[in-house]
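Asker: Okay, handing you the structure first.
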Amino acid sequence: MINVIGLGYIGFPTALMMASHGVEVIGTDYNKELVATLNAGHTTFKEDGLDELFRDALKAGIKFTTEYQVTDTYIVSVPTPYDKFSKKVDACYVVAAVKDVLRVAPKGATLVIESTISPGTIEKCVRPVLVAEKREDIHLVHAPERIIPGNMVYELLHNNRTIGADDKEIGEEVAKLYASFCQGEIVVTDIKTAEMTKVVENTFRAVNIAFANELAKICRHDNMDVYEIIKICNMHPRVNILQPGPGVGGHCISVDPWFLVGDYPSLAKVIDESMKTNDGMPDFVLNRIYEIMKETGMTDISRVGLYGLTYKENVDDMRESPTLQLLESQERHLATGLKVYDPFIEKDVVKNQYHSLDEFLDAVDFVVIMVKHNEIKDNMDKLAGKTVLDCHNICRLPGVYHI
Ligand code: SAJ
């Protein structure tokens, strides 16, 4: 039996996937409300194919509880925030979960950590717990998750995986467990390499997004069309530039690269500058709003609306979202009034938030497309006659502004 600890964005789908592929799974989370929601048959976030997977896993007998189980394999997938000042990973949730597991884990059990951690975290923060508790019989493994919100179920099935272990044989056993559902290649390596690969993957993407964002700024400065330039450059066989945008959100690409900056401040220069470039994008958009209002003679900020609150399209996840960053920046400039709407966010989370596209559009003359949800792509004609700042180059109406 596998005990999955932490039933959030990663632990929950992973537990479901294993259960629906014949593995006996019990999911544990200390959040009573979350466990009650799952036990009542409801998922806690939206994701393509997740409800079907949940039904299959329930049929297969998956259970959810707040209790840690006595078993031979644990998978820990709890959040790893970072300290905003030091930029270092904060492994407190991982350490707390490991301590809880050690209370019940039998001799020789395997403890797999899926949470993203910076290289050396297991050595520095987790192993000392085992030593202090005299539990060096426990086998440590790191199996960093790799799935992308919006396509999690597909990617769980198809992505290649990395398993880092002290003991190759234990690594192979865990690889076999993941192979119960994973159709990709599973590489077994050591723990520190696995930790590093995960952070490097997200850093690669962050640096490349920063490059696209920097190009957008250069092109704006000299009135060049960044999208046309990227399109042409990408026709070169060895060039593949990503797309500029209003900023980088989510709990990975906007966070993990900071771990490298925090741990290697004098070495991680390109990474540091890239992260600052991406973090500066919401302010850049705010400035574009100001420029466009000046150009069009608009003076009433309450007639300006931000479309989208989530960190990217077609998900309901708002963690580190560029829109939230922009609204915070607006407040820091002692201004208020921007209207906001997102079809995926039903609760009121910010001021001046709308819950119907039509009502939102009636209330504004200037729309800033912050997120390219399918809803706005399918309703582009409704933006006709309005001032539009399209941060994703999806709107083909005449006179549209870009970042
Ligand atoms: N973005 C751009 N321009 C682009 C692509 C993305 O501005 O060309 C922005 C998005 O709008 C979003 C942010 O970047 O705000 C990140 O979005 P994303 O879709 O690139 O990635 P995430 O954060 O949803 O998921 C990433 C994935 N990592 C990589 O692609 C290397 C996923 O595979 C990881 O599992 C996940 O991080 C994680 O948990 O680490």
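The values are calculated or read from the model by the stated rules, or taken from the named source; none is laboratory data. It should be emphasised that the depicted structure is a prediction, and the values quoted were computed from it without experimental measurement. Note that we place each Cβ from the backbone using ideal geometry, even for glycine, and neighbour counts take in every protein chain shown. Protein only, heavy atoms only, side chains kept; ligands, DNA and RNA dropped before computing areas. Shrake-Rupley method; radii C 1.70, N 1.55, O 1.52, S 1.80 Å.
Asker: Just checking, does segment 245-252 include any residue being within 14 Å of the ligand (Cβ to nearest atom), within 22 Å of Lys312 (Cβ to Cβ) and open to solvent by 30 Å² or more (accessible area, probe 1.4 Å)?
Answerer: Within segment 245-252, one or more residues are within 14 Å of the ligand (Cβ to nearest atom), within 22 Å of Lys312 (Cβ to Cβ) and open to solvent by 30 Å² or more (accessible area, probe 1.4 Å).
Asker: Quick one: what pairs do we get from segment 139-164, first residue closer than 15 Å to Phe12 by Cβ, second of a type in the set (Asp, Glu) and within 11 Å of the ligand (Cβ to nearest atom), C-beta under 9 Å, 6+ apart or different chains?
Answerer: Matching pairs, first to second residue: Glu145/Glu114; Ile147/Glu155; Pro149/Asp317; Leu156/Glu145.
Asker: Can you name the residue in segment 212-243 that is charged (D, E, K, R) and over 17 Å from Lys276 (Cα atoms) and, of all such residues, is surrounded by the fewest Cβ atoms within 10 Å (Cβ to Cβ)?
Answerer: Arg238
Asker: Okay, moving on. Considering each residue of segment 189-203, count those that are more than 15 Å from the ligand (Cβ to nearest atom) and either in a loop (DSSP other than H, G, I, E, B) or crowded, with 20+ Cβ neighbours inside 10 Å (or both), and give that number.
Answerer: Residues of segment 189-203 more than 15 Å from the ligand (Cβ to nearest atom): 189-193.
If we keep only those that are either in a loop (DSSP other than H, G, I, E, B) or crowded, with 20+ Cβ neighbours inside 10 Å (or both) as well, we get 190-191.
The number of residues fulfilling the criteria is 2.
Asker: Within segment 274-297, how many residues are away from the ligand (no atom under 16 Å from the Cβ), open to solvent by 40 Å² or more (accessible area, probe 1.4 Å) and in contact (Cβ under 8 Å) with a residue 24 or more places away in the chain?
Answerer: 1
Asker: Next question. Looking at segment 156-172, is at least one residue touching a Phe, Trp or Tyr at 6+ places or on another chain (Cβ under 7 Å) and at pLDDT below 95?
Answerer: No, every residue in segment 156-172 fails to be touching a Phe, Trp or Tyr at 6+ places or on another chain (Cβ under 7 Å) and at pLDDT below 95.
Asker: If you don't mind, there's one more thing I want to ask. Among the residues of segment 167-183, is any within 13 Å of the ligand (Cβ to nearest atom), assigned to a helix (DSSP H, G or I) and either acidic (Asp, Glu) or surrounded by fewer than 21 Cβ atoms within 10 Å (Cβ to Cβ) (or both)?
Answerer: Scanning segment 167-183, I find no residue that is within 13 Å of the ligand (Cβ to nearest atom), assigned to a helix (DSSP H, G or I) and either acidic (Asp, Glu) or surrounded by fewer than 21 Cβ atoms within 10 Å (Cβ to Cβ) (or both), so the answer is no.
Asker: Looking only at segment 118-166, count how many residues are polar (S, T, N, Q) and open to solvent by 50 Å² or more (accessible area, probe 1.4 Å).
Answerer: 2
Asker: So, one more: Mind telling me which of the residues Val112, Val70, Val25, Val78 ends up being open to solvent by 10 Å² or more (accessible area, probe 1.4 Å), at pLDDT 95 or above and within 18 Å of Leu156 (Cα to Cα)?
Answerer: Val78
Asker: Is at least one residue of segment 83-102 within 14 Å of the ligand (Cβ to nearest atom), crowded, with 22+ Cβ neighbours inside 10 Å and in contact (Cβ under 8 Å) with a residue 24 or more places away in the chain?
Answerer: Taking every residue of segment 83-102 in turn, at least one turns out to be within 14 Å of the ligand (Cβ to nearest atom), crowded, with 22+ Cβ neighbours inside 10 Å and in contact (Cβ under 8 Å) with a residue 24 or more places away in the chain.
Asker: Identify, by number, the condition in (1) of a type outside the set (Gly, Ala, Ser); (2) closer than 24 Å to Lys46 by Cβ; (3) in contact (Cβ under 8 Å) with a residue 12 or more places away in the chain that Glu346 doesn't meet.
Answerer: For Glu346, the failing item is (3).
Asker: Go through segment 62-92 and give me each residue that's out of contact with any Phe, Trp or Tyr (no Cβ under 7 Å at 6 or more places or on another chain) and among the aromatic types (Phe, Trp, Tyr).
Answerer: Hits for segment 62-92 are Phe64, Tyr68, Tyr74, Phe85.
Asker: Looking at Gly150, Gly120, Gly108 in this structure, which one is among the small types (Gly, Ala, Ser) and within 16 Å of the ligand (Cβ to nearest atom)? Step through it out loud before you land on a result.
Answerer: Numbers: Gly120 fails: within 16 Å of the ligand (Cβ to nearest atom); Gly108 fails: within 16 Å of the ligand (Cβ to nearest atom).
Testing whether each residue is among the small types (Gly, Ala, Ser) and within 16 Å of the ligand (Cβ to nearest atom) leaves just Gly150.
Asker: Only one of these is without any contact (Cβ under 8 Å) to a residue 12 or more places away in the chain and of a type in the set (S, T, N, Q): Thr37, Thr65. Name it.
Answerer: Thr37
Asker: Looking only at segment 333-376, filter to residues that are of a type in the set (Lys, Arg) and within 21 Å of Ile403 (Cα to Cα); which one of those is surrounded by the most Cβ atoms within 10 Å (Cβ to Cβ)?
Answerer: Lys339
Asker: Within segment 379-389, is there a residue that is in contact with an Asp or Glu (Cβ under 9 Å, 6 or more places away or on another chain), open to solvent by less than 60 Å² (accessible area, probe 1.4 Å) and in a strand (DSSP E or B)?
Answerer: Scanning segment 379-389, I find at least one residue that is in contact with an Asp or Glu (Cβ under 9 Å, 6 or more places away or on another chain), open to solvent by less than 60 Å² (accessible area, probe 1.4 Å) and in a strand (DSSP E or B), so the answer is yes.
Asker: Please indicate, with yes or no, whether at least one residue in segment 352-367 is within 16 Å of the ligand (Cβ to nearest atom) and in contact (Cβ under 8 Å) with a residue 60 or more places away in the chain.
Answerer: no
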